[in-house]
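Notes for the one structure printed next.
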Amino acid sequence: MKAKIKKVNELLKKGEPENISVDSYSGYSGYKPQHIIDTMNVVFEIGEWGFTEYSNEFLNRGDDGKPQLAVASIGVWLKDIEFIPMAYGQSRITRGDFGDAKKGAQTDAIKKALSYFSIGNRAYHGKLEVKKTPDYKEKPGAKYKEEIH
């Protein structure tokens, strides 16, 4: 299992800086959630990792009564490991897109829960170098599949 976690982190590092995002609200940088999920799917076989959603709700109603934030709690598991870390994620509702906000909260929570296994650890150790790059057009997982197979 340690070798697979190491491989995920190697592939994430190799995908920099295209797989890094900067939150325009907080200024924090981290790996784009979809890149982490795609890399997990490439390195781990089907059934070797997954998650359980415990909750996903809308909060922070504005003056107009509409929610402004989606918050999710997720547990992530790796095969043959009893520990199932739980994490919360959030996503702002933009342009009235509630579905995107729920998915954003879910993937944010998955990314945070995976950090308990040291997946994506360069981000939370502050080792990501943020550079201005053109928008990444390639599908996130396509780049990594060549590395594995």
Using Cα springs under 10 Å in a Gaussian network model of the chain, which residue among Y25, Y116, Y54 shows the largest mean-square fluctuation? Y25
Roughly what would the spin-label model give for M1 and Y28, points 7 Å off Cα along C-beta, in nm? 2.5
Kindly put V22, V71 in sequence by how many other C-beta atoms sit within 10 Å of each C-beta, fewest to most. V22, V71
DSSP-loop trypsin sites (Lys or Arg not before Pro) across the range 1-108, with at most 13 other Cβ within 10 angstrom: K79, R95
Return one number: the angle in degrees, 0 to 90 and rounded to the nearest 10, between the long axis of the Cα atoms of helix 2-14 and the longest principal axis of the Cα atoms of the chain. 70
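Read-outs throughout are calculated quantities, based only on the coordinates presented, and are distinct from any laboratory measurement. Bear in mind that the values here come from a model prediction, so they are computed numbers and not experimental data. Note that we place each Cβ from the backbone using ideal geometry, even for glycine, and neighbour counts take in every protein chain shown.
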